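Asker: Following this message is one structure expressed as structure tokens.
The values are calculated or read from the model by the stated rules, or taken from the named source; none is laboratory data. In this text the structure is predicted, and so the values were computed from the model without any measurement. Note that we place each Cβ from the backbone using ideal geometry, even for glycine, and neighbour counts take in every protein chain shown.
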Amino acid sequence: MSSLAKKGQFDVSAKELNLSDRSLEIRWSDGKVATFHYLWLRDNCPSGFHPSTQERLFNLTTVSPDIYATEGKFDQTTLSISWSEEAHKSTYQLQWLYENAYSSDFKKPNTSVIVPWGTEILNDMYEAEYNDLIQDDLALFNWLKAVQRSGISYVRNVPCTDEGVTNVANRISFLRQTNFGTVFDVQSKPNPINNAYTSEALPLHIDLINQETPPGYQFLHCLMNDSLGGESTYADGFKIIDELRKTDPKAFHLLTTVTVPMRFHDFETDIRTRKTIINVDENDQLIELRYSPHLVDTFDMDEKIMDRFYLAFRKLMVLINDPRFVVSVKMTPGDLCIFDNRRVMHGRNSYKAGDGYSGARHLRGCYVDRSDFESRLRVLARTYS
Ligand code: OGA
Ligand code: ZN
């Protein structure tokens, strides 16, 4: 979209229209050329959408695959087409066509807002105040953008009540429920069902990699941390994967192509999936890291690749624990950390009672999925950007 079009002014016009067998082509006044396939155009005819929901009603199978335009003409603002079937006519806004053109002249630059980090994040971490986030949508909007950029942020002065963490999370969206509940309490418990519910150290990990889709953003609110140790640790998985991709592309390739079993089980559940440890999209952009030393199940790949795979996995593990990438922060009551659980790993040091410390430690957590987080951000952007 041109910057002017974004502001509602559209300063480009159509110059020339050519109809071919399967598509038409528009030459625009700025020199760009866009091809529009006839099925694409028919499928996007504005008459095929419900006027209120703006969802599609048109059924593509009601026209034949070789439908074509018998006539086409444009004026200052619209393109009109007569179709070879149903005596149907379509009218499109030129601005809409320009904004949705998919030809090479219109390929969008990579607009990723993600900024990977190493230990420098400690001097640079975006912090928000609880009251601001609760009362002010603009503060919320700025915070969500910062959280999306670096995948981590602290909120200060969150009331140390049961609802503190959900009050923050619900400003964004509804919560993701898991087998640990909608909200979970991280405390040392008798007969723990997972290592988090002990006072043991937790190595850096992503939560719930055993789910088909691990939860998106995680919230951990510190209610008590009167312990020796118990510092929180974090590392940006995307920064570490960038390093792996640069220094050992073969290891990166194995970790993006070989699936491994992932599993959590207790008395009531046995939740498994099978996925690659690193996931990228069709443009090789990172989607997620699925790394948890305690939830990857016994590797079962072909014997021909077991050796190479283990070396690649171990290489990733070494990088994950490289001091260049790991930060450590001791949370105090009222602190809340939010992080992108499919990007930023978290862990903690072991903890215990000691001189002047009761040993009590209590974090309360919940999750909001990425798509709901991003939806909130887009809707706020309608007002604030
Ligand atoms: C968890 C977890 C971190 C902590 O509950 O999954 O990683 O600091 N907890 O206790
Ligand atoms: Zn965890």
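Asker: Conditions first: (1) at pLDDT 95 or above; (2) surrounded by fewer than 21 Cβ atoms within 10 Å (Cβ to Cβ); (3) farther than 20 Å from N349 by Cα. I241 passes all but one, so which condition is the exception?
Answerer: Among (1) at pLDDT 95 or above; (2) surrounded by fewer than 21 Cβ atoms within 10 Å (Cβ to Cβ); (3) farther than 20 Å from N349 by Cα, I241 violates only (2).
Asker: Being in contact (Cβ under 8 Å) with a residue 12 or more places away in the chain and closer than 30 Å to F219 by Cα is the requirement here; does V113 meet it? Don't jump to the end; show me each part of the working.
Answerer: Values: in contact (Cβ under 8 Å) with a residue 12 or more places away in the chain: yes; closer than 30 Å to F219 by Cα: yes.
Against the criterion (in contact (Cβ under 8 Å) with a residue 12 or more places away in the chain and closer than 30 Å to F219 by Cα), V113 qualifies.
Asker: Of the residues W83, W117, only one is surrounded by 12 or more Cβ atoms within 10 Å (Cβ to Cβ), aromatic (F, W, Y), farther than 23 Å from V280 by Cα and in contact with a helix residue (DSSP H, G or I) (Cβ under 9 Å, 6 or more places away or on another chain); which?
Answerer: The match here is W83.
Asker: Another question, then. Based on this model, can you work out whether V327 counts as more than 19 Å from T198 (Cβ to Cβ), in contact (Cβ under 8 Å) with a residue 40 or more places away in the chain and touching a helix residue (DSSP H, G or I) at 6+ places or on another chain (Cβ under 7 Å)?
Answerer: Against the criterion (more than 19 Å from T198 (Cβ to Cβ), in contact (Cβ under 8 Å) with a residue 40 or more places away in the chain and touching a helix residue (DSSP H, G or I) at 6+ places or on another chain (Cβ under 7 Å)), V327 qualifies.
Asker: Let me ask something else. Name the residues in segment 35-68 that are among the hydrophobic types (A, V, I, L, M, F, W, C) and in a strand (DSSP E or B), would you?
Answerer: F36, F49
Asker: Can you name the helices (runs of 4 or more DSSP H) wholly within segment 123-211 that have at least 2 residues being more than 13 Å from ligand 1 (Cβ to nearest atom), crowded, with 18+ Cβ neighbours inside 10 Å and in contact (Cβ under 8 Å) with a residue 40 or more places away in the chain?
Answerer: The qualifying helices (runs of 4 or more DSSP H) are 137-150, 164-172.
Asker: Determine, yes or no, whether S232 is closer than 21 Å to D340 by Cα and away from ligand 2 (no atom under 16 Å from the Cβ).
Answerer: So S232 does not fit the description; no.
Asker: Which residues, counting only those in segment 212-255, are within 15 Å of ligand 1 (Cβ to nearest atom), under 23 Å from E120 (Cα atoms) and among the aliphatic types (A, V, I, L, M)?
Answerer: Correct list: L220, A235.
Asker: Which numbered condition trips up A312, out of (1) more than 21 Å from the chain's Cα centre (by Cα); (2) part of a loop (DSSP other than H, G, I, E, B)?
Answerer: With (1) more than 21 Å from the chain's Cα centre (by Cα); (2) part of a loop (DSSP other than H, G, I, E, B) applied to A312, the lone miss is (2).
Asker: Another question, if that's okay. What's the number of the only condition in (1) in contact with a helix residue (DSSP H, G or I) (Cβ under 9 Å, 6 or more places away or on another chain); (2) modelled with pLDDT of 95 or more; (3) within 16 Å of ligand 2 (Cβ to nearest atom) that S188 fails to meet?
Answerer: For S188, the failing item is (2).
Asker: Step by step: first the residues of segment 191-207, then only those that are more than 20 Å from Y367 (Cβ to Cβ) and among the small types (G, A, S), then the one that is nearest to ligand 2 (Cβ to nearest atom). Which residue is that?
Answerer: Ranking the candidates gives A201 first.
Asker: Given S371, S328, which one is of a type outside the set (D, E), away from ligand 2 (no atom under 16 Å from the Cβ) and modelled with pLDDT of 95 or more? Before the answer, list the steps.
Answerer: Values: S328 fails: away from ligand 2 (no atom under 16 Å from the Cβ).
The unique qualifying residue is S371.
Asker: Look through Y351, Y357 and report the one residue that is more than 22 Å from A128 (Cα to Cα), surrounded by 15 or more Cβ atoms within 10 Å (Cβ to Cβ), at pLDDT below 95 and in contact with an Asp or Glu (Cβ under 9 Å, 6 or more places away or on another chain).
Answerer: Of Y351, Y357, the one residue that is more than 22 Å from A128 (Cα to Cα), surrounded by 15 or more Cβ atoms within 10 Å (Cβ to Cβ), at pLDDT below 95 and in contact with an Asp or Glu (Cβ under 9 Å, 6 or more places away or on another chain) is Y357.
Asker: Could you check segment 37-57 and list, in sequence order, the residues that are of a type in the set (F, W, Y) and under 31 Å from the mean Cα position of the chain (by Cα)?
Answerer: W40, F49, listed by residue number.
Asker: Give just the number: which of (1) within 29 Å of L122 (Cα to Cα); (2) surrounded by 20 or more Cβ atoms within 10 Å (Cβ to Cβ) does V260 not satisfy?
Answerer: (1)
Asker: Please work out if R314 is surrounded by fewer than 20 Cβ atoms within 10 Å (Cβ to Cβ), away from ligand 2 (no atom under 16 Å from the Cβ), more than 26 Å from A235 (Cβ to Cβ) and free of Cβ contacts under 8 Å to residues at least 12 places away in the same chain.
Answerer: No.
Asker: Follow-up. Just one of (1) without any contact (Cβ under 8 Å) to a residue 60 or more places away in the chain; (2) assigned to a loop (DSSP other than H, G, I, E, B); (3) exposed (fewer than 13 other Cβ atoms within 10 Å of the Cβ) trips up F299, so point out which.
Answerer: Every listed condition holds for F299 apart from (3).
Asker: Okay, moving on. Given the residues R274, R290, which is the only one that is crowded, with 21+ Cβ neighbours inside 10 Å and at pLDDT 95 or above?
Answerer: R290
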